[in-house]
């Protein structure tokens, strides 16, 4: 249903119909630059800060494990032939563990990024609904889908302002916001 309404809205907006006749009434349409809202929101900066911190922790762990493997390899010449085979098996096991750790850590980082984007989408959608209701709009579409429309109202600045106000309020209430809880949980998940 949402998909059909969105397609219909895109078609109508693309055709340049800012006010669509629906019986005796005219529908009022708004547009939002979803990309700009995300790029300029304080949430994006916060998410990137958290993900960067998590990545650095994972990278430090990977680097430490690599150094251990290099040290093990450099000591290979010290062992007799029979011990060298055992050490090579240990090295191979460490290399496999490193590959597995790196893949799992990358997957966790990807899941965290998706979770952040879903959180952002929920908040942004709620703000768009509030702004649309306040401005008595019938339909709001992503401006990236609009080629031309002289009557559509651009809500991007208002949505961005309200979203950043929400961010400030969340971070003022508990000093860190909701994302820092996720930060510490994910950091502990990747330290296996």
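The values are calculated or read from the model by the stated rules, or taken from the named source; none is laboratory data. All figures in this text were calculated on a predicted structure; none of them were measured in a lab. Cβ sites come from the backbone with ideal geometry, for glycine too, and all protein chains shown count toward neighbours.
Count of the stretch 78-105 residues, restricted to those that are out of contact with any helix residue (DSSP H, G or I) (no Cβ under 8 Å at 6 or more places or on another chain), in a helix (DSSP H, G or I) and modelled with pLDDT under 95, is 7.
Residue-by-condition table, conditions (1) without any contact (Cβ under 8 Å) to a residue 60 or more places away in the chain; (2) surrounded by fewer than 17 Cβ atoms within 10 Å (Cβ to Cβ):
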residue: 50; (1), (2): no, no
residue: 59; (1), (2): yes, yes
residue: 77; (1), (2): yes, yes
residue: 127; (1), (2): yes, no
residue: 154; (1), (2): no, yes
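Part of a helix (DSSP H, G or I) and buried (at least 17 other Cβ atoms within 10 Å of the Cβ): does that describe residue 137? Here the answer is no, as residue 137 does not meet what is asked.
The condition of being farther than 30 Å from residue 140 by Cα and exposed (fewer than 15 other Cβ atoms within 10 Å of the Cβ) does not hold for residue 115. Looking at residue 30, is it modelled with pLDDT under 50, in contact with a strand residue (DSSP E or B) (Cβ under 8 Å, 6 or more places away or on another chain) and either farther than 23 Å from residue 162 by Cβ or crowded, with 18+ Cβ neighbours inside 10 Å (or both)? Considered against the rule, which asks whether it is modelled with pLDDT under 50, in contact with a strand residue (DSSP E or B) (Cβ under 8 Å, 6 or more places away or on another chain) and either farther than 23 Å from residue 162 by Cβ or crowded, with 18+ Cβ neighbours inside 10 Å (or both), residue 30 comes out as no.
Please go through the stretch 87-106 and pick out each residue that is surrounded by 15 or more Cβ atoms within 10 Å (Cβ to Cβ) and within 28 Å of the chain's Cα centre (by Cα). Those that are surrounded by 15 or more Cβ atoms within 10 Å (Cβ to Cβ) and within 28 Å of the chain's Cα centre (by Cα): 98, 101, 102, 105. Can you tell me which residue within the stretch 61-75, out of those that are in contact (Cβ under 8 Å) with a residue 12 or more places away in the chain and exposed (fewer than 14 other Cβ atoms within 10 Å of the Cβ), is nearest to residue 105 (Cα to Cα)? Here the residue is 68.
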